[in-house]
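**Student:** Sending over a structure as structure tokens; questions will come in a sec.
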Amino acid sequence: MLEIRGLTAGYGRLAALKSVDLEVRKGEIIFVVGPNGAGKSTLLKSISGLMAPTGGTLVLNGESIAGQAPEKLCRKGLALVPEGRSIFRTLTVRENLLLGGMVRKGKAEAAADLERVLETFPILRNRYRGVAGHLSGGEQQQLAIARAILQRPSLMMIDEPSLGLAPLVIDQVYESLRQLNASGLSLLVVEQSTARILDLASRIYVLRNGHVALEGSASELADGHALEEAYFGYG
Ligand code: ATP
């Protein structure tokens, strides 16, 4: 559904992405991992229209999308949960979710979507009338993901969902990603750490210094050696 070929992007004279090839097929959960500064956020910004690529092709469901505005790409089924979650901290959980659902048409349809989201994230039902800024880090992450689901994306991109979360909470967030993927949603997830991704990933890309150092299925990379070598750049 998403095909990226020879993607380049940067900041002024700094090339942050140097000819990246990457593909997400329907129903896959793809992880892009890499150390600090590898270009992971730049990749998501370039796909979602927050940043204009300087070269290469981006094709979503057969259509070229390079250079299109984020709102337009959102209507075409792309949702981004940015690093830091970007929820409205002074609004309630309910209000945050209603804002996510604004792109939906019918009222009944929106209510049914909301009910499904609350079933996937029961903690948000418990905190429904509470202020989002009072949620824990893990709850805020779940709220950000829940809000993105209400846009009914066909591909959801998430920047570092485990950032700053305790291990048990990461388990919960990853479990919700697993459920969403099992329900048919395609996911492109960026993480700094390779821990835990092997159980969940369809395929994994290691990004280092702006290029893809390794790509493989979870089973091909299961023993972790190749993953570690590519990540740290040995050999
Ligand atoms: P992190 O895990 O720290 O978020 P990352 O893999 O997401 O890292 P990017 O944020 O994409 O990496 O950064 C890639 C390169 O681009 C780095 O060298 C970084 O310093 C640089 N960079 C990122 N954002 C900017 C910016 N707004 N202006 C200038 N350079 C930037």
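**Student:** Compute the acute angle (0 to 90°) between the alpha-carbon long axis of helix 107-120 and the principal axis of greatest extent of the alpha-carbon atoms of the chain; round to the nearest 10°.
**Tutor:** So the helix axis and the longest Cα principal axis differ by about 70 degrees.
**Student:** Give the Cα extents of segment 48-109 along the principal axes, in whole Å, largest first.
**Tutor:** Computed over the Cα atoms, the extents are 41, 29, 13 Å.
**Student:** Accessible area per residue, 1.4 Å probe, Å², for segment 57-152: what's the number? Please list the in-between numbers first.
**Tutor:** Working: 4930 Å² over 96 residues.
I get 51 Å² per residue for this part.
**Student:** Add -39500 (n - 2.57) for each DSSP H run of 4 or more in the chain, then divide by its residues: what number comes out at 222 nm, to the nearest 500 deg cm²/dmol?
**Tutor:** On the way: 9 runs with 83 residues, N = 235.
Helix-only estimate at 222 nm: -10000 deg cm²/dmol.
**Student:** Roughly speaking, to the nearest percent, how much of segment 55-205's 1.4 Å accessible area is carbon and sulfur? Let's see the in-between values first.
**Tutor:** Values: 3790 of 7010 Å².
On segment 55-205, the fraction of accessible area on carbon and sulfur atoms equals 54 percent.
**Student:** If you count, for each residue, the other Cβ atoms within 10 Å and average over each peptide, how do 151-162, 216-227, 114-125 line up from highest to lowest? Display every interim value, and only then the final one.
**Tutor:** Values: 151-162: 21.7, 216-227: 14.3, 114-125: 16.4.
Going from most to least packed, we get 151-162, 114-125, 216-227.
**Student:** Per 10 Å bin, what is the whole-percent P(r) computed from every C-alpha pair distance within the chain?
**Tutor:** 8, 33, 36, 19, 4, 0
**Student:** May I pose another question? Over 23 Å between Cα atoms: which of K26/K76; K26/K107; K45/K107; K18/K40 fall into that group? Could you put the intermediate results ahead of the total?
**Tutor:** Numbers: K26/K76 15 Å; K26/K107 28 Å; K45/K107 31 Å; K18/K40 12 Å.
With Cα atoms farther than 23 Å apart: K26/K107; K45/K107.
**Student:** Additional query: Summing Lys, Arg as +1 and Asp, Glu as -1, what charge do residues with Cβ under 13 Å from the Cβ of G164 carry, G164 excluded?
**Tutor:** Numbers: positive: R85; negative: E83, E139, D159, E160, E191.
Taking every other residue near G164 into account, the sum is -4.
**Student:** Let me have the relative contact order for segment 183-235, percent, based on Cα pairs under 8 Å that are six or more residues apart.
**Tutor:** Numbers: 41 pairs, mean separation 14.7, N = 53.
Relative contact order, segment 183-235: 28 percent.
The values are calculated or read from the model by the stated rules, or taken from the named source; none is laboratory data. As the structure is a prediction and not an experimental result, all values here were calculated from the model. FYI the Cβ positions are ideal-geometry reconstructions off the backbone, even for glycines, and counts take in every protein chain you see. Only protein heavy atoms, including side chains, enter the accessible area calculation; ligands, DNA and RNA are left aside. Shrake-Rupley method; radii C 1.70, N 1.55, O 1.52, S 1.80 Å.
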